[in-house]
1. Quick one: if you stick a label point 7 Å off each Cα along the C-beta vector at A:LYS214 and B:HIS29, how many nm between them?
2. Give the share of C-alpha pairs in each 10 angstrom bin for the protein assembly as shown, from 0 to the last occupied bin, in whole percents, shortest bins first.
3. Would you kindly calculate the translational diffusion coefficient of the stretch A:109-170, applying Stokes-Einstein with the Kirkwood radius from alpha carbon pairs, for 20 °C and a viscosity of 1.002 mPa s, and quote it in µm² s⁻¹ without decimals?
4. Please give the Cα centre distance for the stretch A:178-202 versus the stretch A:210-258, rounded to the nearest Å.
5. Shielding by partners for A:199-207, please: the mean number of other protein chain Cβ atoms within 10 Å of each residue's Cβ.
6. Remind me, relative contact order of chain A in percent, using alpha carbon pairs under 8 angstrom and six or more residues apart?
7. May I ask you to derive the FRET efficiency for A:GLU198 and A:ILE149 from their Cβ-Cβ distance with R0 = 35 Å, giving the value to the nearest 0.05?
8. Using 1/(1 + (r/R0)^6) with R0 = 56 angstrom and r between the beta carbons of A:THR44 and A:PHE2, what's the FRET efficiency to the nearest 0.05?
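The values are calculated or read from the model by the stated rules, or taken from the named source; none is laboratory data. Since the structure is predicted, the reported quantities are computational estimates derived from the model, not experimental observations. So basically every Cβ, Gly included, is an ideal-geometry build from the backbone, and we count neighbours across all protein chains shown. For accessibility, only protein heavy atoms count, side chains too; no ligands or nucleic acids. Shrake-Rupley method; radii C 1.70, N 1.55, O 1.52, S 1.80 Å.
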Amino acid sequence: MFKYIARRILFLLPVLVGVSFIVFSLLYITPGDPARMVLGDQATEEAVQEFRNKEGLNDPFLVQYGRYVYKAIQGDIGRSYMTRRPVSDEILSAFPSTIKLAALSMVIAILLGIPFGIISAIRQYSLFDSVTMIFAMVGLSMPVFWLGILLILFFSVQLRWLPSSGFDSLAAMILPSITLAAQSVAIVTRMTRSSMLEVVRQDYIRTARAKGQKESVVIWRHALGNALIPVVTVVGLQFGHLLGGAVLTESIFSIPGVGRLMVEAIKMRDYPLVQGGVLYIAIAFSLVNLLVDLVYAWVDPRIKAQYK
Amino acid sequence: MEDKKLLLDIQDLSIHYVVESGTVHAVEHLNLSLAPGENLGFVGETGAGKTTTALGIMGLVPNPPGKVVNGKILFEGEDLLKKTEEQMRSIRGGKIAMIFQDPMTSLNPVITVDKQIAEMVLLHNNVTEQQALERAEEMLELVGIKRERARDFPHQFSGGMKQRVVIAIALACNPTLLIADEPTTALDVTIQAQVLELMHELRRKINTSLIMITHDLGIVAEMCDKVAIMYAGKVVEYAPTEALFNHPGHPYTEGLFNSIPDLDSDEEELKVIQGLMPDPTNLPSGCTFHPRCPYAVEACSKDVPPMVEIEPGHFVACPVRGKPYLHLGK
Ligand SMILES: Nc1ncnc2c1ncn2[C@@H]1O[C@H](COP(=O)(O)OP(=O)(O)O)[C@@H](O)[C@H]1O
Ligand code: SF4
Ligand SMILES: [Mg+2]
């Protein structure tokens, strides 16, 4: 198992090289001069050239990329053009808000989605099931910014119960988390329901009933353990996705997270920051994937056997 | 049929599945009985309603879409259809155990096999978990699996081994009646023989009655005292095994015998009964076999043929072919 984890983490390196190369190329061919963006329209041509020379922007592509990789290996991924702070500091200060938002949303998605999915499946075609499925469909199709604005209008403007921006108190976290969780709740609910419906039709469920087992134990012990396996994947994918920063939600609620930082960096052609952000997202996504696979192996002995 | 005290007596049982395309008459006015200690072969083509009958006895017909619409299932003199769910739970597994068709899918993939056996023991005996696990290991040994493998998961066993585990579960509480639903159909031929032999041996040891569902008359000849032939939801012939093999009465049974491949002859082709199983949502009138029956006369499509005793203990639902044997005294 440890060998497996070590191998997976080692495997991250080529992924990071590939990802950074692609981003580097994309930035290289996109129009827009970072020097102009940083220095402003008023800056003289000399100042612009000086900036470009200093940042190595006039060097050939491969030289630039080679230098980046060389420094990155030593742990230096550059400074932001805008703030002049190290890119790693910028990301580390945006990261806590993003991870808190992502984690809160996932907790909401799991706490609501799994029980609702189970009950819907057990009472398939009941009123509860129909209502849940309608809500899930609404949750999936409702645009995030629309839900966010509705929540702000109602809970912040109308009722004045909760703040409409920021992310420093628990009260401030409520609305953004709900906004971001809506889709995940819907996805997890639907996945749990369909997986559960699939599992309760399996022969081993009939075997459990044929033993004289109580229906509640059949569901909790025999069905759930199997039905949650695919749900783990969905939750993991969602979480990985959210870790990359929820651009819309962060913008609506003015949360200083990774999503907003990245959008800002792209707008300003802040190359080092964009690069660093993408590397961070790749690492976060890969680690979450690894975590999902480990959870998978833990719940499914058939998969665990393959990792030995 | 007989006055002897019966272990199981199914009277006029009908089980339907209501599906989009109509009502499936899976079991239709079925009668069947079994004396204590007896070994009954329950034979019929796929779709005849064998599994549904077994699930009916277990009280496990999936509802919806299935429903027992008529009849009685007397077990030790009491109607199982009148029992509460709680009473049925103590009968299921405890007094009547069932082995399902496909061992590959019958075991829970995320639970170790010893726990799956122990679960059965715990449900029907007043023992601690430790004792139940101990009993599970004993059962594994009994079916020829080493104790060391008790903590393995189902995927670590072969098909034949899985079916042994399933048998261990079914027999863990010494059931009075064991229903085996095509226990070897999904297995390799060589494994089939081993598993059947094991069942045969254990059945004698534990002294349980058996309903062996199969479409293999060879298995019946080896293992069963009596045979019931099922066609389109009904038992059409019921007889002691020897009588059935010596002089089958129903044209459908005759057809089944003709479709057994003869290893000695060079004939490549099986003489399969002509035609297909009838549409279960729209069964033929009268004798449901009449569209396929080479002996059918006009009356066959009108009247439902009753079961007639053509020799002691041998019942046939065909007035045309199932005449009482004139040579009985021979
Ligand atoms: N869950 C179900 N829903 C609808 N129809 C079913 C279901 N189970 C069985 N049937 C139908 O009932 C009939 C009898 O099936 P079954 O009892 O499985 O027969 P056998 O075990 O003899 O092959 C078949 O026509 C089958 O299609
Ligand atoms: S009753 Fe008629 S159709 Fe049915 S089996 Fe006998 S001869 Fe054939
Ligand atoms: Mg069957």
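1. The modelled label-to-label distance comes out at 4.3 nm.
2. Percent of pairs per bin, in order: 3, 13, 18, 17, 14, 11, 9, 8, 5, 2, 1, 0, 0.
3. 155 µm²/s
4. 8 Å
5. What the average comes to for A:199-207 is 6.
6. Taking the mean separation of contacting Cα pairs over the length of chain A, I get 27 percent.
7. 0.40
8. Once rounded, the FRET efficiency stands at 0.45.
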